[in-house]
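The structure under discussion appears below in the form of structure tokens.
The values are calculated or read from the model by the stated rules, or taken from the named source; none is laboratory data. Not measured: the values here are computed from a predicted model. Methodologically, a virtual Cβ is constructed for each residue, glycine included, from the backbone with ideal geometry; neighbour enumeration extends over all protein chains shown. The accessibility values were calculated without ligands, DNA or RNA, using every heavy atom of the protein model including side chains. Shrake-Rupley method; radii C 1.70, N 1.55, O 1.52, S 1.80 Å.
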Amino acid sequence: MAPEYYSPTLIDHFEHPRNAGAMEDADAEAYVVNPVCGDSLRLFLKIEDDRVQRASFLTSGCPASIATSSAATEMLAGRSLEDAEALTRDDYAEAVGGLPKSKVHCSVLAASAVRQAIGEWRKQRAAV
Ligand code: FES
């Protein structure tokens, strides 16, 4: 069942976001806007050997979107691209201790950005 309030894990990610900031040497990037509220997320990935080495983010969003983006950067590090793409918004929501019902849409930003960044990276590689 969805929690009614933000969990301590979510609050910790919000107050101390992991991997916040742009990445100078990123191999892939995505910018996504949440159609529900207009909040946005820019995600950066460093990719080597078909694996996400590092991830970072910039966001203009609510506490839930900041926390799920922060958790996402931790979850992505070291994952194969396929595993990264398979992560769902529920996985990101679960990583921050669940989201209140009215905030479930906030985890969509991270999930969309990951798929978009990896999709663009694949397209660029295919074009070379
Ligand atoms: Fe917009 Fe959370 S209210 S992403």
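Return the equivalent ellipsoid semi-axes of segment 82-128 as a descending list in whole Å, where each equals the square root of 5 times an eigenvalue of the C-alpha gyration tensor. Write out the running numbers ahead of the final one.
Values: eigenvalues 147, 20, 5 Å².
Square roots of five times the eigenvalues give 27, 10, 5 Å.
At 222 nm, what value in deg cm²/dmol follows for the chain if DSSP H runs of at least 4 each add -39500 (n - 2.57) and the sum is divided by all its residues, to the nearest 500?
On the way: 5 runs with 55 residues, N = 128.
My calculation for the chain gives -13000 deg cm²/dmol from helical runs alone.
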Extension length gain for D83 and Y31 (0.36 nm per residue less Cα distance), in nm, is 16.7 nm
Three principal axis lengths of segment 28-70 [C-alpha, angstrom, descending]: 36, 17, 12
Semi-axes a, b, c in Å (a largest) for the chain, each sqrt of 5 times a Cα gyration tensor eigenvalue, come to 24, 14, 13
Between A127 and H16, Cβ-based FRET efficiency (R0 30 Å, step 0.05) works out to 0.15
C106: accessible area at probe 1.4 Å, nearest 10 Å²? 0
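For the chain, what is the accessible area per residue in Å², given a 1.4 Å probe and the full set of protein chains? Mind showing how you got there, number by number?
On the way: 6750 Å² over 128 residues.
I get 53 Å² per residue for this part.
Where does each of K123, K46, K101 land when they are ordered by accessible area, with a 1.4 Å probe and the largest first?
The ranking, largest first, comes out as K101, K123, K46.
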On the accessible surface of the chain, probed at 1.4 Å, how many percent belong to carbon and sulfur atoms? 49
